[in-house]
Number of protein chains: 2
Amino acid sequence: MPKIVNRDERRREIAEALLRVIANAGIEAVSVRSVAAEAGISAGAVQKYFATKEDLLRFAFTLTGEYLLQRWERVEGSGPFLDVLRRHLLEALPLDEQRRAELIVVFAFTARAATLPDWAAQLRDSYDAAQVTTTAFLEAGQDSGDVRTDVPADRLADLVIVLADGFSARMLHTPPGSPAHERLLDTLDLALTDLLAPR
Amino acid sequence: MPKIVNRDERRREIAEALLRVIANAGIEAVSVRSVAAEAGISAGAVQKYFATKEDLLRFAFTLTGEYLLQRWERVEGSGPFLDVLRRHLLEALPLDEQRRAELIVVFAFTARAATLPDWAAQLRDSYDAAQVTTTAFLEAGQDSGDVRTDVPADRLADLVIVLADGFSARMLHTPPGSPAHERLLDTLDLALTDLLAPR
DNA sequence: GACTTCGGAATACATCTGTATCTTATCCGC
DNA sequence: GCGGATAAGATACAGATGTATTCCGAAGTC
């Protein structure tokens with residue numbers, strides 16, 4: 001009978017190689033051959049798992065979304081409400097090489113989504129999901145008296161998501177350890193308390 | 001003697017064609033030939049003005065920065081302080097097709113800067129310039145009593161820039177005229193007053 | 001009016017691209 | 001151990017790409 005391989009596992013390995021290529025050399029450097037080389041297999045093997053380059057890119061795109069969700073599941077959920085929220089937000093920032101690499105990929109894919117309608121739809125779905133869960137989270141904070149109630153939770157969720165996008169974009173181009181980097185982290189705390197704390 | 005042509009003007013025309021290609025079909029669709037077709041000239045002519053594709057991309061990159069500065073110069077500078085600031089911020093958002101196209105380009109270039117060191121340096125310079133002018137502007141607001149003084153102006157400038165990046169990213173993927181779009185504009189006002197107004 | 005000089009176009013060429021096809025190697029059930 | 005199914009690799013191929021080179025035409029000066 002045939003040689004047995006874990007097909008899903010293999011697809012993930014190849015997609016992760018693709019993400020490494022983007023993180024190292026940009027999305028322009030992505031080709032079937034470059035990804036195969038990064039994965040340590042032949043270009044022909046890649047074709048066995050992804051019929052087209054577009055399939056491969058799409059699969060990797062959804063993969064990045066799952067990564068962030070997985071990290072969020074591991075975040076410590078106890079302690080003061082705003083601290084918990086802050087920890088979730090920090091998970092989305094490029095504070096180490098791993099997250100920096102992921103963010104480069106997300107940026108490349110976001111730019112791609114700006115001109116490809118089906119990619120845009122997928123990105124919109126991700127935003128909607130983030131909006132729903134963030135709103136629910138903030139409503140809980142309102143109920144427990146940790147979050148201001150003079151503004152609807154969905155507006156506050158907008159703010160949190162915007163802050164995440166804005167700070168990650170800015171910090172992606174600010175060397176970690178630099179004064180500007182530290183200042184931005186401080187500023188994030190300032191924004192969170194000023195915008196969300198009861199007044 | 002030779003045929004006379006405005007060389008700088010011609011270079012700008014070609015670069016603008018490049019920007020249109022990106023806005024319509026993404027940076028992956030950029031090739032010497034596609035840009036030449038968009039500009040209505042031959043590929044050979046493009047080579048006369050830009051020795052390499054990289055030169056062309058670089059020139060267009062700096063061009064986008066200048067566009068935003070030019071729009072800012074035309075912003076009405078009278079009226080309440082926060083309104084003036086708000087008008088400047090709105091200029092960076094994708095509120096019409098023109099600005100939406102520019103933002104797609106900026107996103108593509110930002111992603112590119114994540115892996116090309118010299119592009120990153122140029123982008124950092126732009127951020128630094130924005131930081132300096134925004135800080136000066138906010139300091140003036142502090143002096144006139146229109147901006148809170150319990151936080152240094154440079155922190156507030158961080159916030160304004162982060163909000164600009166965050167909202168533009170989010171609105172790029174939110175159809176204009178949709179409820180979410182309107183809500184985001186409202187939320188921006190909320191953030192500006194809550195973060196900047198004297199308390 | 002011929003000549004020179006450069007803009008613009010066309011062509012050439014080596015390389016890279018995605019994808020299709022073909023060949024070899026590997027593993028499992030019998 | 002061996003046959004057959006399937007993974008992995010190699011090869012093929014048409015098209016696109018960046019860039020170098022060549023050719024043509026127009027414009028202004030002598």
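The values are calculated or read from the model by the stated rules, or taken from the named source; none is laboratory data. Keep in mind it's a predicted model, so treat the numbers as computed, not measured. When we count neighbours, we look across all protein chains shown, and the Cβ atoms used for this are built from the backbone with ideal geometry, even at glycine. Only protein heavy atoms, including side chains, enter the accessible area calculation; ligands, DNA and RNA are left aside. Shrake-Rupley method; radii C 1.70, N 1.55, O 1.52, S 1.80 Å.
Observations, loosely collected:
- The value of relative contact order for the range A:131-184, using C-alpha pairs under 8 Å at least six residues apart, is 29 percent.
- Helix A:81-91 axis, angle to chain A major axis (alpha carbon atoms, nearest 10°): 30
- Annotation for the A:B interface, with buried accessible surface near 3900 Å², both sides summed [1.4 Å probe; non-protein components not counted].
- Gyration tensor verdict on the range B:91-137 (Cα atoms; rounded if a/c is under 1.5, prolate if a/b is larger than b/c, oblate otherwise): oblate
- Carbon and sulfur %, accessible surface of the range B:5-151 computed with the full protein complex present, 1.4 Å: 51
- FRET efficiency, 1/(1 + (r/R0)^6) with R0 22 Å, evaluated for B:ASP186 and B:ASP83 via beta carbons: 0.90
- Translational D in µm²/s for the range A:60-199 (Stokes-Einstein at 4 °C, 1.567 mPa s, Kirkwood Rh from C-alpha pairs): 81
- 3J(HN,Hα) along the range A:169-186, derived from phi through the Karplus expression 6.51 cos²θ - 1.76 cosθ + 1.60 where θ = phi - 60°, amounts to 4, 5, 6, 4, 10, 10, x, x, x, 6, x, 4, 4, 4, 4, 5, 4, 4 Hz, with x in place of Gly and Pro.
- With Cα atoms, 0 to 90° folded angle of helix A:117-143 axis to chain A main axis: 30
- Cα long-axis angle, helix B:53-73 against chain B (0 to 90 degrees, to the nearest 10): 40
- Candidates A:LEU116, A:LEU163, A:LEU138, ranked by Gaussian network fluctuation over chain A, Cα under 10 Å, top entry: A:LEU116
- Lysine pair number, Cα distance threshold 26 Å (strictly under), the protein assembly as shown, separation 8 or more or different chains: 5
- Helix-only CD estimate at 222 nm, as mean residue ellipticity for chain A, using -39500 (n - 2.57) per DSSP H run (n ≥ 4): -25000 deg cm²/dmol
- Efficiency of FRET between B:ALA45 and A:ARG33 - r from beta-carbon atoms, R0 25 angstrom, step 0.05: 0.15
- Highest-MSF residue in chain B out of B:GLY77, B:GLY44, B:GLY65 [GNM, Cα springs under 10 Å]: B:GLY44
- For the pair A:GLU97 and A:ASN6, the difference between a 0.36 nm per residue extended length and the Cα-Cα distance amounts to 29.9 nm.
- Spread of Cα-to-Cα distances over 5 Å intervals beginning at zero, given as percent, for the range B:1-64: 3, 19, 33, 26, 11, 4, 2, 1, 0
- Pairwise FRET efficiency - B:SER144 versus A:ASP118, Cβ, R0 = 45 Å, nearest 0.05: 0.35
- Full extension of the chain between B:SER178 and B:GLU54 gives 40.8 nm of extra length, using 0.36 nm per residue less the Cα-Cα distance.
- Accessible surface calculations at 1.4 Å, restricted to protein heavy atoms, place the range A:1-104 at 57 Å² per residue.
- Separation of alpha-carbon centers, the range A:14-92 and the range A:135-187, rounded to whole Å: 24
- Between A:HIS181, A:HIS88, A:HIS173, the residue with the greatest mean-square fluctuation in the GNM of chain A (Cα pairs under 10 Å linked by springs) is A:HIS173.
- Percent RCO, i.e. relative contact order, over chain B, from Cα pairs under 8 Å lying at least 6 residues apart: 18
- Normalised contact order of the range A:1-62, rounded percent, pairs of Cα under 8 Å and 6 or more residues apart: 34
- Around the amide H of B:LEU95, modelled in the peptide plane, lie the amide H atoms of B:ARG100, all under 5 Å away and 5 or more residues distant in sequence or on another chain.
- Net charge in the neighbourhood of B:GLU73 (other residues with Cβ under 12 Å of its Cβ; Lys, Arg +1, Asp, Glu -1) is -1.
- Under 11 Å, Cβ to Cβ, from A:LEU138 - net charge with Lys/Arg +1 and Asp/Glu -1: -3
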